[in-house]
Amino acid sequence: MNAYVDVTALPAPAYPPHARTYRYDEVDREFLQERIAEFSGQVERRLAGALTEDEFKPLRLMNGLYLQLHAYMYRIAIPYGILNATQLRQLAMIARRWDRGFGHFTTRQNIQFNWTRLEDVPDIMRALADVDMHAIQTSGNCIRNTTTDEYAGASPDEVADPRVYAEIIRQWSTLHPEFTWLPRKFKIAITGAPHDRVALQAHDVGVVVRKNAAGETGFEVWAGGGLGRTPVLARKIRDWVGEDEFLAYLEAVLRVYNALGNRDNIYKARIKILVRDLGDEFAERVEAEFARLPKRKYRLDPEIVDQIASHFAPPPFAALPDNPQAYAQALDGNAEFAAWAKQSVRAHKAPGYASVTISLKPIGGIPGDASAEQMEAVATLAERHSFGEIRVTHVQNLVLPHVRQEDLLAVWDGLRAAGLATPNIGLISDIIACPGMDYCALATARSIPVAQMISERFASLDRQLDIGECFINISGCINACGHHHVGHIGILGVDKRGAESYQITLGGSATNDAAIGELVGPGFAYDAVTDAVETILRTYVAHRAAGERFVDTYRRIGLAPFKEALYAVA
Amino acid sequence: MSSPAKAKPATAPMVFTANRLRDGRVVWLAGAGAWAETIAEAHVFPPAEAAAGQALAQAGERAQQVVGAYGVEVALQAGRPEPVKFRERLRVQGPSVDAEPPAYRLAS
């Protein structure tokens, strides 16, 4: 292992010229080097036998290092899912040099490497620090990575840019001394658009950035959401918090949870249980704490907000017409490109631009996996066509946020060459799946091969388009990392007397019409799950009215027809 | 690892597994306290000797060779130990899905 690196000798990271990401200052970089030196020493002492596993485990977890079924797993933070091309290239390098040449993008917009060696971790930390990245607070009972809209700064429906406040949350929550040992982990989501693309109500705290009639920025705050063995949707606890009091209010929420959250029973320790049990009293207690806090100390200075906002200023968009002739001609002349564009290309706030969602769900592939070569291909496309910016979505896909419409054909060509042009965004094969028992030590059943079987069964694009929008979410255990409760079709793998069994829920949703899915009946064996999904979808097609999505039909006709189709005795 | 006093009495032959400290790879307790990379090399402890196997595995943890040691019930197939539970069979075989980069080639 290398010796401690003097931060003053480090070159500043080479950002692509226009990439809008967070910016580390010297304080951040110095802290990171101190943490690397500290954890390197802890690894050395662990390897030398001076630290036991009981002593080392909380230290490695606070640095993102898990021990899984086959090996250590290293979870790297991608703050609110935003990367620049340099950072993505570095992740590709890490995948190639210290792992098996690929990484797995997660529902928390992070990336995991599944085959990390303990002795390599200090070197990986140094490689991450070279591009202002780390793995701190990707585990442990602390405030985790904030989820944000993958189309932030690009979406036409955006009221305010959530990245600014996600970055403020990142700075506030990183190593917050009071919230490093919470009763359980804590996840925040923030959106600046009325359309919820962040699974707001499935989070411990959900924040909606709003503007009032005077044009002032404020926040609507929700609390108490979470999935796992007790799924609960968050409830609104405040309609409006002014920008200057944003951190004070979050501080009050965390304080109430920290003081009253259950530390005796891990299954009742999340804030959702506290909010559920206290009901309206939770918000009242937050208000009382908020009133007590010294507001000057927690005041969010507009100058600080402006400074951070300057890091997320719009890139230098050219003045372009919408729907340029070249794009229109390409759509007309190339059916395959047109099919991809229909699913993957999204309207942009700047005329002549579009956002491109890159599917990490090839038919029969592993949801969320990308090889080093694919990461490099995306980095190159980002540099050429998206101001060097990449986003990671909580649905385990990637986004090029700012692409000229006239460049979309070239982007598609580049993605196709890298095996990344599957036209299935929002369709039945765009499946969320946790790593499941193939990797995870906690899992009770496999997730990935179930996703692969379903993806292969519905490989036909015509069939996928006929089915329309339908989200399948798969978890390999009750911890619900695959968010199965909020999938239109949720699949939960459990152990049933030594065999994998899969429970199916219907009607869940992770967006504005958030809902917890309803259990359809007894579970299905591994080999029978795909047929069960087929039966569910055939039932939907048989009952749907014109224009109805799967979830619309389900809500209209209820569980009974699906139950009957699945369990009717021949 | 559970203490012997808390562990349920073994009713089937046992092998012991752990992750190697240095690189996290799955290893199996072989004879004389050594750790091997394949279950075929694992020492099979009859139920009556499971506590002795557990003590050896714990010694491996104390010696900082391995981490997370635990016992695995096995059945003997042609003299070779095969885990009874599916999870442990996956641990033996590795992921049931492709654990290498996605199969594609960049266009030249």
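The values are calculated or read from the model by the stated rules, or taken from the named source; none is laboratory data. Please read these numbers as outputs of a predicted model, since none were measured by experiment. Cβ sites come from the backbone with ideal geometry, for glycine too, and all protein chains shown count toward neighbours. Side chains included, ligands, DNA and RNA excluded: accessible areas come from the protein's heavy atoms. Shrake-Rupley method; radii C 1.70, N 1.55, O 1.52, S 1.80 Å.
The figures follow:
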| read-out | value |
| --- | --- |
| Separation between Cα centres of region A:259-337 and region A:155-187, rounded to whole Å | 7 Å |
| Region B:21-77-region A:525-565 distance, computed between alpha-carbon centres (Å) | 48 Å |
| Solvent exposure, largest accessible area first (probe 1.4 Å, DNA, RNA and ligands not counted), of A:442, B:76, A:200, A:461 | A:442, B:76, A:461, A:200 |
| Shielding by partners - mean other protein chain Cβ count within 10 Å, residues of B:86-98 | 6 |
| Of A:39, A:499, A:180, farthest towards positive along the dipole that unit charges on Lys, Arg, Asp, Glu beta carbons give the protein assembly as shown | A:499 |
| Solvent exposure of region A:221-264 as accessible area per residue, Å², 1.4 Å probe | 37 Å² |
| Heavy-atom accessible surface of chain A: percent carbon and sulfur, 1.4 Å | 51 percent |
| Packing-based order for B:79-91, A:364-376, A:209-221, using average beta carbon neighbours within 10 Å, highest first | A:364-376, B:79-91, A:209-221 |
| Test item: Cα-centred dipole of chain B, Lys/Arg +1 and Asp/Glu -1 on Cβ, debye | 220 debye |
| Helix runs (DSSP H) in chain A reaching 20 Å along axis by Cα, Kyte-Doolittle at least 0.5 | A:246-260 |
| Straight-distance crosslink candidates among lysines, where the alpha carbon sits under 22 Å from residue A:361 and sequence neighbours closer than 8 are dropped | A:342 |
| Spatial separation of Cα centroids for region A:27-102 and region A:443-486, in angstrom | 30 Å |
| Vicinal HN-Hα couplings computed from phi for region A:188-205 (Karplus, 6.51 cos²θ - 1.76 cosθ + 1.60; Hz; Gly/Pro x) | 10, 10, 9, 10, x, 10, x, 7, 7, 10, 10, 6, 3, 7, 9, 10, 4, 9 |
| Helical mean residue ellipticity (222 nm; -39500 (n - 2.57) per DSSP H run of 4+; nearest 500) of chain A | -11000 deg cm²/dmol |
| Residue-averaged beta-carbon neighbours from other chains (10 angstrom radius) around A:67-74 | 5 |
| Residues in region A:329-365 occluded by at least 40 Å² - accessible area, probe radius 1.4 Å, against chain by itself | none |
| Distance histogram for region A:325-417 (every C-alpha pair counted, 10 angstrom bins, percent rounded to whole numbers) | 16, 53, 28, 3 |
| Gain upon complete extension [residue A:499, residue A:463; 0.36 nm per residue less C-alpha separation] | 9.8 nm |
| Shielded residues, region A:118-134 - accessible-area loss of 40 Å² or more between chain alone and all protein chains, probe 1.4 Å | A:119 |
| Angle between chain B longest axis and helix B:50-62 axis [Cα atoms, degrees, rounded to 10] | 60 degrees |
| Most to least packed among A:549-558, A:418-427 [average Cβ atoms within 10 Å] | A:418-427, A:549-558 |
| Lysines with Cα under 22 Å of residue A:211, excluding same-chain neighbours fewer than 8 positions away | A:236, A:295, A:349 |
| Dipole in debye (nearest 20) - region A:124-276, about Cα centre, beta carbon charges: Lys, Arg +1; Asp, Glu -1 | 1000 debye |
| Relative contact order of region A:154-311, defined on C-alpha pairs under 8 angstrom at six or more residues apart (%) | 21 percent |
| Length-normalised contact order for region B:1-78 - Cα pairs under 8 Å, 6+ apart - percent | 41 percent |
| Size of the B/A contact, given as accessible area buried on both chains, probe 1.4 Å, in Å² | 2800 Å² |
| Nearest-20 debye value, the protein assembly as shown charge dipole, Cβ charges on Lys, Arg, Asp, Glu | 1420 debye |
| Candidate residues A:142, A:481: accessible-area rank, largest first, probe 1.4 Å | A:481, A:142 |
| Mean separation of Cα contacts under 8 Å (6+ apart) over length of chain A, as relative contact order % | 13 percent |
| Overall Cα dimensions of chain A - principal axes, largest extent first, Å | 68, 59, 58 |
| Dimensionless Rg ratio for region B:23-83, taking C-alpha atoms and the 2.2 N^0.38 Å reference | 1.07 |
| Probe 1.4 Å, accessible area per residue of chain B, Å² | 53 Å² |
| Mean Cβ neighbour count within 10 Å, used as a protection proxy, ranking A:54-61, A:331-338 highest first | A:54-61, A:331-338 |
| Counting DSSP beta bridges with both ends in region A:432-567, the antiparallel % (nearest 5) | 70 percent |
| Descending semi-axes in whole angstrom, ellipsoid equivalent of region A:143-227, from the Cα gyration tensor | 23, 14, 12 |
| 10 Å Cβ neighbours from other chains, averaged over peptide A:498-506 | 1 |
| Cross-link partners of residue A:57 among lysines (Cα-Cα below 29 Å; sequence separation of 8 or more within a chain) | A:185, A:187, A:268, A:272, B:6, B:8, B:85 |
| For region A:154-311, fraction of C-alpha pairs farther apart than 21 Å, in % | 44 percent |
